[in-house]
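Student: The structure is given below, and queries will be raised subsequently.
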Amino acid sequence: MKPKNSRINRHRPAPQGAVPASNEIIELTIESLSYHGGRGVGRFEGVVVFIGGVVPQDVVRARVTLKKSRLWEAELVEVVTPSPFRRQPPCPVALRCGGCSWQQVAYAQQIVQKEKIIRDSLRGLVQYGAWESLPILEAREEFFYRNRIQIHFRGGKKGFFAPRTRDLIAIDKCWIADERLNDKLHEVKATDGVKIELAVNERGEVLTIAGERDPEAALFAQVNQAQNEVLKTRMLDFISVKAEWIMDLYAGSGNLTFPLAKHFPGKSLTAIELSPRATERARALSAEYPNLHWMAADVGEGLKQIKKLNGPGLIVLDPPRTGVSQQVCDELLRLAPQQIVYVSCNPTTFARDVERLVGNKQYRLEKVQGLDMFPQTEHIELIASLCAAT
Ligand SMILES: C[S@@+](CC[C@H](N)C(=O)[O-])C[C@H]1O[C@@H](n2cnc3c(N)ncnc32)[C@H](O)[C@@H]1O
């Protein structure tokens, strides 16, 4: 079976030590899907090969585009035997657009692959002891979940960019965007080169924001509102400590802070967030929580100013994809809360940071659960609990 729209991987300059190889056609079976770019992984004569637009158990023919010593990249030429997990993507441009890497994969299989990515990312932590792995919290709606999208205008057309290029893929509907955004999409007009963000706010109003948006602060807490509600509930479920003091680090506009303030009435709660605009917005909503203190600061700098507190403490952290620095881990170890709840959008940096916390046996990883915030893509949200080891 030939896919209607085989994904076109543009040739980028070969990295050092890599050889561009344009015409060699190989046949292989796809074993799994990777976290990096969501591409499929197979093996050809012992060499690992990365290919976009494929499904685990597909047998495919692919053209090799890049060769490194133990790793090749290839582009899909033909699906020889389709996987039982392959499906026709509902979106006609899914295999060309950079927005969705996994629409051709049945949703249940997307979850299987995300579970595997989490397991593989955390493998290095096994030496520090066992933890409970809870099943991924699947999204109830696998389509039409995004509450904001960025549209680009070029050559009189509107759409999204192709993977790893700025080639415009024209669209008249996005299958992962809220239907209210799709209605608005038909109306918006702009001149070439302009970027427009369409967003549904908390009141259900559709906003049209032209140009660059505030780079410091996300306008709304999370892109998938339904799964964000699941995340907030799960965060509270994970808390086992009867905390006397609480910190919410990388707090944004208080998405997790306000549920914590309600959960621990009267307890001291410090929220740290880099963006002054986000903290300003959150402070304005904090009047009913006299014990909630907002700091507009870098987390590392903010923590340095805080003396070690008495009694059992809880620190919740939800950093960007880069995770936290060694300095922040050192500050967490100094403050020594009884429990740390770590929300992560990157299993790789999560594993690195957890190793820094469990490495000297001050903490142990208690449980980990994935949450599917972004169906049709390889992106993964994680929530984990670490407890003081003594
Ligand atoms: C993944 S978001 C989480 C926001 C919030 N917890 C939520 O649930 O919406 C990460 C947040 O960390 C903030 N941030 C990034 N680097 C930071 C730093 N070095 N210090 C403090 N905050 C930072 C970003 O501005 C962003 O609001």
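Student: Considering all projection directions equally, how large on average is the shadow of the alpha-carbon convex hull of the chain, in square nanometres?
Tutor: With the hull built on Cα positions only, its mean projection is 20.6 nm².
Student: Among all stretches of the chain without exposed trypsin sites (Lys or Arg not before Pro) (DSSP loop, at most 13 other Cβ atoms within 10 Å), which one is longest?
Tutor: Result, exposed sites excluded: 71-139.
Student: Turning to a different aspect of this structure: Cα centroids of the range 113-142 and the range 286-304: how far apart, whole angstrom?
Tutor: Between the Cα centre of the range 113-142 and that of the range 286-304, the gap is 31 Å.
Student: Based on a Kirkwood Rh over C-alpha pairs, give the Stokes-Einstein translational diffusion coefficient of the range 268-361 at 10 °C and viscosity 1.306 mPa s in µm²/s.
Tutor: For the chosen part, D equals 111 µm²/s.
Student: So which aspartates and glutamates pass the test for Lys267, namely a Cα distance under 14 Å, with those fewer than 8 places away in the same chain ruled out?
Tutor: Within reach: Glu244, Asp248, Glu288.
Student: What whole number of Å gives the distance from the Cα centroid of the range 154-214 to the Cα centroid of the range 36-103?
Tutor: 27 Å
Student: Quick check for me: using +1 on Lys/Arg Cβ and -1 on Asp/Glu Cβ, what's the dipole size of the range 19-86 about its Cα centre, in debye to the nearest 20?
Tutor: Roughly 180 debye for the range 19-86.
Student: If you don't mind, another one. Taking a cut-off of 23 Å between Cα atoms, list the lysines near Lys361, but don't count ones fewer than 8 places away on the same chain.
Tutor: Within the straight-line limit of under 23 Å, Lys361 reaches these lysines: Lys242, Lys304, Lys307, Lys308.
Every number in this text was worked out from the coordinates using simple rules, so none of it is lab data. This structure is a prediction, so every number in the text was calculated from the model and none was measured. Every residue, glycine as well, gets a Cβ built from its backbone with ideal geometry; the counts of neighbours run over all protein chains shown.
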